Amino acid sequence: MSSFSVLAFYQFIERKNLSEIESLLKKKCVFSKIKGTILLSAEGINGTVSGSERSISELSSYLKEIGFDDLNQKISYSKFQPFPRLKVRIKKEIVTFKEELNIMKNKGKHVDPDKWNDLIDDPELILIDVRNDFEVQMGTFENAKNPDTKSFTDFKKYAEENLLKNKDSKVAMFCTGGIRCEKASSYLVGNGMKNVFQLKGGILSYLEKVDVSKSKWNGECFVFDRRVSLKSGLKEGTYKICSGCRNPINDKDKKSEFFEEGVSCKKCYKTTSDAKKNGLRERAKQTKLAQERGKNYPYLEVSADEYFESGF
């Protein structure tokens with residue numbers, strides 16, 4: 001069975017002709033039947049997209065042709081199309097932090113996945129999960145601290161209260177693919193911390209390159225697409241997304257009396273209106289009908305074979 005190639009990428013680089021780049025990338029992706037999200041800003045590019053192996057390889061080469069020649073890239077795979085549509089947008093930041101940073105000057109030391117275990121075994125090290133709380137709850141590294149953030153911008157407050165008071169501390173941080181650590185480490189280094197390390201390529205690189213028998217990772221890693229979570233070897237995980245509240249749910253959550261497929265879970269059943277529940281039930285109905293009739297629909301899970309043969 002065929003599969004989709006999923007490319008996650010980012011690069012911090014000063015660019016000015018954003019509207020032109022936006023137009024070029026939209027045309028390229030539409031022509032190649034690529035879906036996903038690409039964000040552009042004056043500070044660089046950040047995206048996760050999926051398509052055929054050939055189209056993703058061609059997009060990677062095309063990005064280099066138009067000036068993104070030092071991309072941080074990660075390839076993984078999905079049995080179905082993980083994105084419902086294509087979005088290419090110009091934003092103020094490629095990852096929102098709301099702080100002026102000199103990322104090219106102030107940055108943490110990148111640590112390869114095969115060296116990460118040795119680093120985090122240091123008892124003097126402060127290991128920090130830079131992701132949001134709901135992501136941490138799904139999985140994290142042994143002995144990692146959870147800043148308990150609801151959004152990435154909250155990390156600044158955590159750093160001020162817990163890290164910047166002792167600037168000689170040895171700190172290591174990690175996130176999904178590395179981009180949040182670029183800004184978080186730059187913030188710490190820019191505020192006087194010198195011993196700042198970050199996992200190169202993020203959790204995804206670690207899960208891909210470190211054998212499960214040697215892994216210090218516990219749980220699954222949340223990803224921002226229909227796969228929801230990945231495990232060691234970048235295999236698809238067990239979590240799904242609740243349609244009512246967009247929170248991750250596992251098999252245990254599905255056993256709750258408040259769980260209804262495509263409608264609600266125990267976290268949102270009592271807080272969503274009857275009107276919203278009915279709307280979600282109708283969407284689930286339309287999704288099922290589209291699947292039965294072989295028609296395109298944004299919420300339908302489509303296999304690679306179906307996608308590339310159907311013209312969706």
Item to check | Criterion (of a type in the set (Lys, Arg) and either in contact with a helix residue (DSSP H, G or I) (Cβ under 6 Å, 6 or more places away or on another chain) or within 21 Å of LYS105 (Cβ to Cβ) (or both)) met by exactly one of LYS209, LYS165, LYS150 | outcome: LYS209
Checklist outcome for this item: Filtering the range 67-90 down to residues that are farther than 15 Å from GLU14 by Cβ and without any contact (Cβ under 8 Å) to a residue 60 or more places away in the chain yields LYS87
Next on the checklist: Quick check on the range 205-222: of everything there that is free of Cβ contacts under 8 Å to residues at least 40 places away in the same chain and among the hydrophobic types (A, V, I, L, M, F, W, C), which residue is farthest from LYS235 (Cα to Cα)?
Outcome noted: VAL212
Next on the checklist: So in the range 134-156, with the set limited to residues that are aromatic (Phe, Trp, Tyr) and closer than 22 Å to SER186 by Cβ, which one is nearest to the chain's Cα centre (by Cα)?
Outcome noted: PHE152
Checklist outcome for this item: The condition from (1) touching a residue at least 12 places away in the same chain (Cβ under 8 Å); (2) not assigned by TED's automatic domain parsing to the domain that holds LYS165 that ARG54 misses is numbered (1)
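Got a number for residues in the range 125-155 being part of a loop (DSSP other than H, G, I, E, B), touching a residue at least 24 places away in the same chain (Cβ under 8 Å) and out of contact with any Lys or Arg (no Cβ under 6 Å at 6 or more places or on another chain)? Let's see the steps before the verdict.
Taking the range 125-155 as the starting set, the residues that turn out to be part of a loop (DSSP other than H, G, I, E, B) are 125, 130-132, 142-144, 146-151.
Of the ones still in play, those that are also touching a residue at least 24 places away in the same chain (Cβ under 8 Å) are 125, 130-131, 142, 144, 151.
With the extra rule that they be out of contact with any Lys or Arg (no Cβ under 6 Å at 6 or more places or on another chain), the set shrinks to 131, 144, 151.
Of the residues in that region, 3 qualify.
The values are calculated or read from the model by the stated rules, or taken from the named source; none is laboratory data. Being a predicted model, the structure only gives us computed values, none of them experimental. Reconstructed Cβ throughout: ideal geometry from the backbone, glycine too, with neighbour counts over all protein chains shown.
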